[in-house]
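Asks: Handing you a structure now.
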Amino acid sequence: MESFFSRFKNVLVLVVVLLVQTIGLAIQVRRPAEIGAPDGKKVTLLRAAVMGALAPIEKLVHGVGYNFRSTWANYIDLRNTRQQNHDLKDEVARLRLEQAQLAEDALQGHRLQTLLNFQRNYVTSTVAAQVIGTSGTDQSRVLYIDKGSADGLKPDQAVMTPDGIVGKIRDAFPHTAQVLLLNDSSSGAGVLLASTRIRAILRGGQGGHVVITNLTPDSRIKPGEKVLTSGGDQVYPRGLNVGTIESIAPDPDHQPYTIIQVKPSTNLFQLEEVLVITGTQGDLPPIAQKDLAQGAAAAKEMAAAKAAADEAAAEAAAQSAAQIIAEKLPSVHEDEQTQAQPGADPTKAPITSPPVPRPTPTLHPDRYTPGATPPASALKPGAEHSVTTYPPGASPASPPRPSQPADQAPAAPTQKPQPKGESPNTDN
Amino acid sequence: MPSLSYTSRRELEEHSFSPAVTILVPIAAIVLQVLLSRLYWRFSMLDLPLIVAIFFAVSRRSPMVGTLTGAAIGLLQDALTGRPIGVNGMAKSVIGYIAASIGIQVDVDSLTTRVLMNFVFSLLNSLILFLIGRRLLGQTLHLQWIQELVRALANSIVAIPVFLLLDTTKRPE
């Protein structure tokens, strides 16, 4: 028996080591009820012990590197401060305009949400933390930050940057915390496609990709669509930026589902500082309310200024149209000129209007020729149709005669009575 | 003149290390791995703890010690990840055992052997991790051969200077 153990001691040690680890693995896998949940107490203790030993070294190295980088960056920044200041002022002005435009919509949306008794969580408090380490392997996408439970961090708190969400706290140790990144294979988040409003579950895929795998093909879903948090997972507040859809392909393992690859809005591979969301509330925080009120007031001022400018422009356009019409109607224009300027300065040159076109003189006048018809006052009802009086042959320069009263009208030449029904010009 | 038997050759080429080296080198490898990965994420492809585990296993030429060294390094590595503790521990236990067994029979001091050994063990490590993830943890994984080949190649290249550096920590006979 002794010889058996001494002969196979190496293999036996290997088998025992593997067996113990397999049993430990089985216990750990059974323990967490959900994906990405924190470990059991003993595992957490082991992790805390290892982190307790390694974190000071990581913090020291990070601190040295950070100080060096910040010193260099400060020097570089100082060289361009003036230009940056100018650029930032421009950006602030642009953002104020944007804020004013969005504030009214936001207020209206908030009012509607209140009316519908819509529950929404707003971020009220965050803790800024610096990334001090990683897992060191690409098979587990986790980060270590320099803040822990002593700073109010707890498991399942969302971690984000100004660009979008990053992940969540998986384990919180006294002075460090482990952040499970979105692209870890055990990570998950409830998301909403921004334009189609389709809800989905985001998961970490192989190779550090972020994918949605629980949707069937839908022609409405297109690359470039924004992905936001839905708030349904009770970890990430609703409406935070997640990323954009990069590609859509059929899932070969799970037909008929698709693999929708999402490009995170935050660079998950190069994180320096993050924000941990430590508090949310149902109503807008006071600072946000103040900002919104300011934005709404600015929007009202802008709207009033725009209305005044529109009115002035409309008046100017109306005047311009009247002037154009007046210029195209010479008689009206002349009358208006004389009426509008009764005491106009004669020394000033009058506005010359374009010459009014005159009709060309009639070569062969007939009864339709202007001036040939006697005035209506000279006509008697029931009287015989008299012969049309033709005006004298007018030269091209002579204007048409205005109609005259009957007593001043030239004597019409007597016309030979003609039988009814005959045309006056049918004497041939 | 006594002839060198199989056992005596093994005994002659067994190397020992001071306790400080035995403890600090694996920790340094893990810390360096973490810091390199943070510096540039592509460095997470490397596996410095694996290289160190292979070095100690082939130098000591004891499968039992190799198994225990591999297990300890792997468990430390697991503690830093978000995965269940034991995944890397199991993989590196197996590699430590095999590396020590090979070290008995093959001259592991030549450059070619070292490169080849690291390449093969890196591939084996990836295969074991894949099998543990797929069979024991029930994960949906696909073995990405090209990526694993690149990883193995990178580890082999990095292993050359690391092995030369660690050679200096061997106790003089």
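Here, each number is a calculation from the coordinates, and none is a lab measurement. A quick note: this is a predicted structure, and the numbers were derived from the prediction, not measured. When we count neighbours, we look across all protein chains shown, and the Cβ atoms used for this are built from the backbone with ideal geometry, even at glycine.
Asks: Roughly how tilted is helix B:63-80, in degrees to the nearest 10 and between 0 and 90, from the longest Cα axis of chain B?
Replies: So the inclination is approximately 30 degrees.
Asks: Something else about it: Compare the Cα positions of B:V106, B:L24, B:L136 along the charge dipole of the range B:17-165 (+1 at Cβ of Lys, Arg; -1 at Cβ of Asp, Glu; about the Cα centre) and return the one farthest towards the positive end.
Replies: B:L136
Asks: Taking a cut-off of 28 Å between Cα atoms, list the lysines near A:K328, but don't count ones fewer than 8 places away on the same chain.
Replies: Filter leaves A:K348.
Asks: Take peptides A:203-212, A:316-325 and line them up by average Cβ neighbours within 10 Å, highest first, as a rough protection proxy.
Replies: Averaged packing, sorted descending, gives the order A:203-212, A:316-325.
Asks: Take every residue in peptide B:17-30, count the Cβ atoms of other chains within 10 Å of its Cβ, and give the average of those counts.
Replies: Per-residue shielding by partner chains comes out at 1.
Asks: Answer rounded, prolate or oblate for the range B:124-171, using the Cα gyration tensor with square roots of eigenvalues a ≥ b ≥ c: rounded when a/c is under 1.5, else prolate when a/b is larger than b/c, else oblate. Numbers along the way, then the final one.
Replies: Details: a/c = 6.05, a/b = 2.15, b/c = 2.81.
Oblate shape, in that a/c is at least 1.5 and b/c is the bigger or equal ratio.
Asks: Using Cα atoms only, what is the angle between the long axis of helix B:19-39 and the major principal axis of chain B, expressed in degrees (0 to 90) to the nearest 10?
Replies: 30 degrees
Asks: Counting partner chain Cβ atoms within 10 Å of every residue's Cβ in B:72-80, what's the average?
Replies: Other-chain Cβ atoms within 10 Å of each residue's Cβ, averaged: 5.
Asks: List the lysines whose alpha-carbon lies under 16 Å from that of A:K222, not counting same-chain residues fewer than 8 positions away?
Replies: A:K263
Asks: Order B:98-111, B:51-64, A:360-373, B:127-140 from most to least packed using the mean count of other Cβ atoms within 10 Å.
Replies: B:51-64, B:98-111, B:127-140, A:360-373
Asks: By its C-alpha gyration tensor, with a ≥ b ≥ c as the square roots of the eigenvalues, how is the range B:19-76 shaped: rounded for a/c under 1.5, else prolate for a/b larger than b/c, else oblate?
Replies: prolate
Asks: OK, next. What does the average come to when, for each residue of peptide B:134-141, you count the partner chain Cβ atoms lying within 10 Å of its Cβ?
Replies: Working: counts 0, 0, 4, 6, 1, 3, 7, 3.
The shielding value for this peptide is 3.
Asks: To make sure I understand, if each residue's beta carbon is the centre and we count other beta carbons within 10 Å, what order do B:F17, B:F121 fall in, fewest to most?
Replies: Least crowded to most crowded, the residues run B:F17, B:F121.
Asks: Now for a different question. With θ set to phi - 60°, apply the Karplus curve 6.51 cos²θ - 1.76 cosθ + 1.60 along the range A:364-373 and write out the HN-Hα couplings as whole Hz, x wherever there is a Gly or Pro.
Replies: 10, x, 9, 6, 8, 5, x, x, 7, 7
Asks: Excluding A:L60 itself, calculate the net charge of residues whose Cβ lies under 14 Å from the Cβ of A:L60, where each Lys or Arg counts +1 and each Asp or Glu counts -1.
Replies: Within the 14 Å Cβ shell, the charges total 0.
Asks: Sort out for me the Cα centre separation of the range A:202-256 from the range A:171-188, rounded to whole Å.
Replies: Here the answer is 20 Å between Cα centres.
Asks: Here is a follow-up. Residue by residue through the range B:150-167, what is 3J(HN,Hα) from phi via Karplus (6.51 cos²θ - 1.76 cosθ + 1.60, θ = phi - 60°)? Round to whole Hz and write x for glycine and proline.
Replies: Rounded to whole hertz, the list is 5, 4, 5, 5, 4, 5, 5, 5, 5, 5, 4, x, 5, 5, 4, 5, 6, 4.
Asks: Give me the net charge for the shell around A:Q139: Cβ to Cβ below 11 angstrom, other residues only, Lys and Arg +1, Asp and Glu -1.
Replies: Charge balance near A:Q139 sits at -1.
Asks: How much length is gained if the chain between A:R82 and A:F5 is pulled fully straight, taking 0.36 nm per residue apart and subtracting their Cα-Cα distance, in nm to one decimal?
Replies: Length difference between fully extended and current span is 19.9 nm.
Asks: Moving on to the next point. Under 1.5 on a/c is rounded, so check that first for chain B, then, if it is not, pick prolate when a/b is larger than b/c and oblate when it is not; a ≥ b ≥ c are the square roots of the alpha carbon gyration tensor eigenvalues. Spell out each step's value before the answer.
Replies: On the way: a/c = 1.78, a/b = 1.62, b/c = 1.09.
It is prolate, given that a/c is not under 1.5 and a/b is the larger ratio.
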